[in-house]
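J.: Structure in structure tokens, see below.
The values are calculated or read from the model by the stated rules, or taken from the named source; none is laboratory data. Since this is a predicted model, take the numbers as computed values, not measurements. Neighbour counts run over all protein chains shown; Cβ positions are idealised from the backbone, glycine included.
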Amino acid sequence: MKMDMDILVKKYKNHLYAAAFQICKNAADAEDVVQETFFAYYMTEKSFESEEHSKAWLLRTAINKAKNVNRAFWRRNRVPFEEYMTELPFETADAEELFEDVMRLPEKYRIVIHLFYYEEYSVREIAKLLEVSEGNVKVRLTRGRKLLKNRLMEDDYE
Amino acid sequence: MNNREKYKQAFSVLRVSDEMTWEQIKEYCENSEKGKRTKREGNFFGEGRTIFGMRAGVAVLCGCLVLLLTGGTIAYAAGALKPVAELFAKVFQISEQEKGLVEKIGEPVGTTVTYAGLKITTDGVIRDTEHLAVIFSIEREDGKPFDPGKYPADKWSFHSIELQDGNVNMTPYAGSYLSYDENPEDAAIQFVLFFSDIRQEWYDTNKVWICLEDFQNYKGYDDGVLMEPGVGLYAEGLWRIEVPVKAKDTSVTILENEVLELEGKEVQIERLSVSPIGFSLTVAETDKIKLSTTEFSAWLEKHDFSLELENGERISLSDSADAVSWDEGGKGRRKKNSFVDSIMKRGVTGDEKEEMPKAQYAGTFERIIEPGDMKSVHIGELELPVK
């Protein structure tokens, strides 16, 4: 089963963008990743059991593509992250501070934190999505929270 | 507000344009060569791809993600080390004439770090006060060779590569890498890292640490083919490798804190320098001269930015995409251009004062060049002699 592309894009483009941005830290790259991910979904011959399955596949693909772009080491004509931040319409100063603190984390902690808090995935689901062990996910969540100086306090994992 | 709500409130600002629809995406992707990333307004997608996870049946060497400082072993090479000119011969196509210079700016190292079933030997470095090239030999601890059919020698990399001075990441810098097999008879492959625009004055010690995380191979991914997740991780771990960097200053500063006029616009050049290994250009904003890196980058791409040698040869400093490959003993690909632009506010360590925004462009040359052979750097219509 594959979802209707119009619906898929409308529903998940911002989810993919946020996940890709966690890694690229750059709006233009993240947008490119979003487009390429949807196109990859369109082109794949894989079938999906459910909408959740489609979403997980999209996120995993977007994350991997974003890492791919990041691996290039260098950028051209990119709006730098600090400049981009000044354009974002944060609701409160706290929200802005949390955003900045999270974006300062090492990438591997950032993405796990994002999947846990934004996408509301469990540790097990994150482990499956990133293809790492659950122990690994827990360690990254713990370390990420520590680095955030406990802005996001510990939650029950499942 | 609970944690998830707090987080979502902060990150709900990340949104793409409402105008992004499936029709638009489809048209954009289909208009590009099928599956291939396009170069759009100077955007550059460098070589390197990250493919994660394990394919069923592929043996993966695993280790905990802990810093090497708490595990692993370090050994020092016994016996004579290879001369650095020989180590880098294929990488920089070093001629007889250049050997003397290379020996002056390089040194063999010979330390080995073993962790998570992988042995990484730092064979040698070539460095000056702004650029660094490091060559590693990587092999399995059990001595078995990597299967070149499953893991092509020119497709090795690491998920994350960082340069650190102490515990501080030395960003930004330009970088690139390549892998190849110098000697198919032995079990090792070679992995080469190039870093540019890392200035000696920024760090106090004569060494840096290169952090390599998650060793992987990108077989199954070619330019233009959409990446499939789940392929390539070979060894999971973090290798933190100490590299000597005390450099002889062989760089030549062409300009420092000068204002240039480029087609009617003023640009503050904080520094333009060349060395046998590479070049570096830093453009800064001042109280009077506002900098737009986007504009300047776009301008630079459309105009001449090259190094002219005494023999008339011109080396483009803003070229991209061309790769160099060779066949003897293995294949390697290297991007001709290592080009970065990033506007950043770099604060001085321990000092809260922020410097003005800057844009940096830097890269390593494909071969070692004697500064004495360099005539001038061209930026647009300007020709700046290399004194």
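J.: Any residue at all in the range B:172-184 that's surrounded by fewer than 23 Cβ atoms within 10 Å (Cβ to Cβ), at pLDDT below 80 and farther than 25 Å from A:Asn64 by Cβ?
T.: no
J.: Out of the range B:107-151, which residues are within 22 Å of the chain's Cα centre (by Cα), surrounded by fewer than 17 Cβ atoms within 10 Å (Cβ to Cβ) and of a type in the set (Lys, Arg)?
T.: Across the range B:107-151, there are no qualifying residues.
J.: Which of the residues that make up the range A:105-133 are modelled with pLDDT under 85 and more than 11 Å from chain B (Cβ to nearest Cβ)?
T.: A:Leu105, the sole residue that qualifies.
J.: Tell me, yes or no, whether the range A:77-88 has at least one residue that is in contact with a Leu (Cβ under 8 Å, 6 or more places away or on another chain), facing chain B (nearest Cβ under 7 Å), part of a loop (DSSP other than H, G, I, E, B) and modelled with pLDDT of 85 or more.
T.: Yes, the conditions are met somewhere in the range A:77-88.
J.: B:Val252 is checked against (1) in contact with a helix residue (DSSP H, G or I) (Cβ under 6 Å, 6 or more places away or on another chain); (2) modelled with pLDDT under 80 and fails just one. What number does that condition carry?
T.: Every condition holds for B:Val252 apart from (2).
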